[in-house]
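Working notes, structure below.
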Amino acid sequence: MKTTLILVIIFTTSLLAQWDKQIIDNSLANAYELDVGDINKDGYLDIIVSGNSADVVCWYEAPAWTKHYIDNNLHTAGGVIAYDIDYDDTLDVLAGSGRSMDDVVWYKGLSWSKNYIDYNLDGTVNFSIGDMDNDGDIDIAAAGARADMIVWYENDNLSWSRKTIATNFDYPRKVKLADINKDDTLDVICTGIDEDAVVWYEGTNWTPNNIDTNLDYAYGLAIADLDFDDTLDVIAAGANDNSIIWYTYFFEGCDIP
């Protein structure tokens, strides 16, 4: 009986992943914060951007990226979020200004009528949205960078009351809402550029809990369960430390691996 051995040699090649760079706008002075959402409900995700030096908030309509102005006179436009604030099934835009005007506003989509939430929060650079008091409607957490304050706005049928979370927090930069301690109430997590800190405040009494008090120029912030242990972790970037840090949260009484 004759046996034939067939040797098959398979050559594999590894292709480098490549990214296609597309310029949406190269003339927006000091393009600052951005968000995405289907503004005009055509099935395409659009891009909402603030131009800090341009004093504008605008949106770019996909897929051709046609530029539309939401506000061309929001001084030192800072944080922006696309969210259906008035529950009419159309995305609105929340935005803040810095330095001299100190405004927190929301614009009704798609008319872009301006509605004031606050006239006096200096340097509103970042927001997070969620039901902070468990009353069934959305509230807003905000970082007032130049005011050295973290605040939240309680929503009562689109009438907004400012409440203080923290004062003398040196230049808060990013703010996130998440239920860190799993008590069914949203907590507030914040980084501070000049505070060099990452802190979470327990809702709704806003007791501060330090995560890190030695992260130089604490800036970027994300919340996720990185290790799939059913507890949220905190990821932060220290600009002057050249570092990205992952913080794992452990409940009292549990074993730390």
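The values are calculated or read from the model by the stated rules, or taken from the named source; none is laboratory data. Since the model is a prediction, treat every value here as computed from it, not as a measurement. All Cβ positions, even for glycine, are placed from backbone atoms using ideal geometry, and neighbour counts span all protein chains on display. Quick note on the areas: whole protein, heavy atoms, side chains included, nothing else; ligands and nucleic acids left out. Shrake-Rupley method; radii C 1.70, N 1.55, O 1.52, S 1.80 Å.
Just wondering, is there one or more residues in the stretch 143-150 that are open to solvent by 40 Å² or more (accessible area, probe 1.4 Å), within 28 Å of Ala197 (Cα to Cα) and either in contact with a Gly (Cβ under 9 Å, 6 or more places away or on another chain) or free of Cβ contacts under 8 Å to residues at least 24 places away in the same chain (or both)?
Yes, the stretch 143-150 contains at least one residue that is open to solvent by 40 Å² or more (accessible area, probe 1.4 Å), within 28 Å of Ala197 (Cα to Cα) and either in contact with a Gly (Cβ under 9 Å, 6 or more places away or on another chain) or free of Cβ contacts under 8 Å to residues at least 24 places away in the same chain (or both).
So the check is Cβ under 6 Å with 6+ separation or different chains; which pairs have a first residue in the stretch 37-54 that's aromatic (Phe, Trp, Tyr) and a second one that's part of a loop (DSSP other than H, G, I, E, B)?
Cβ pairs passing all conditions: Tyr44/Ala62; Tyr44/Pro63.
Can you report the number of residues in the stretch 122-137 which are part of a loop (DSSP other than H, G, I, E, B) and open to solvent by less than 10 Å² (accessible area, probe 1.4 Å)?
So the answer is 2.
In the stretch 77-88, which residue that is of a type outside the set (A, V, I, L, M) and touching a residue at least 40 places away in the same chain (Cβ under 8 Å) is surrounded by the fewest Cβ atoms within 10 Å (Cβ to Cβ)?
Asp86
Return yes or no: is Val175 over 19 Å from Asn120 (Cβ atoms) and of a type in the set (A, V, I, L, M)?
The answer is no for Val175.
Being open to solvent by less than 70 Å² (accessible area, probe 1.4 Å), within 22 Å of Asn26 (Cβ to Cβ) and under 19 Å from the mean Cα position of the chain (by Cα) is the filter here; which residues of the stretch 38-59 pass it?
Result: Ile39, Asp46, Ile47, Ile48, Val49, Ser50, Gly51, Asn52, Val56, Val57, Cys58, Trp59.
Check every one of the strands (runs of 3 or more DSSP E) wholly within the stretch 169-257 and list those with 2 or more residues that are more than 15 Å from Ser128 (Cα to Cα), open to solvent by 40 Å² or more (accessible area, probe 1.4 Å) and of a type outside the set (A, V, I, L, M, F, W, C).
Filter on the stretch 169-257 gives 207-212.
Where residues in the stretch 60-76 are of a type in the set (Ser, Thr, Tyr) and open to solvent by 30 Å² or more (accessible area, probe 1.4 Å), which of them is farthest from Val105 (Cα to Cα)?
Here the answer is Thr66.
Could you grab the pairs with beta carbons closer than 7 Å, sequence gap of 6+ or different chains, first residue in the stretch 159-182 and within 19 Å of Asn210 (Cβ to Cβ), second one open to solvent by 40 Å² or more (accessible area, probe 1.4 Å) and assigned to a strand (DSSP E or B)?
Once the first residue is within 19 Å of Asn210 (Cβ to Cβ) and sits in the stretch 159-182, its partners that are open to solvent by 40 Å² or more (accessible area, probe 1.4 Å) and assigned to a strand (DSSP E or B) give Ala166/Pro208; Arg173/Tyr219; Lys174/Tyr219; Lys176/Ile223; Ala178/Ile223; Asn181/Glu202.
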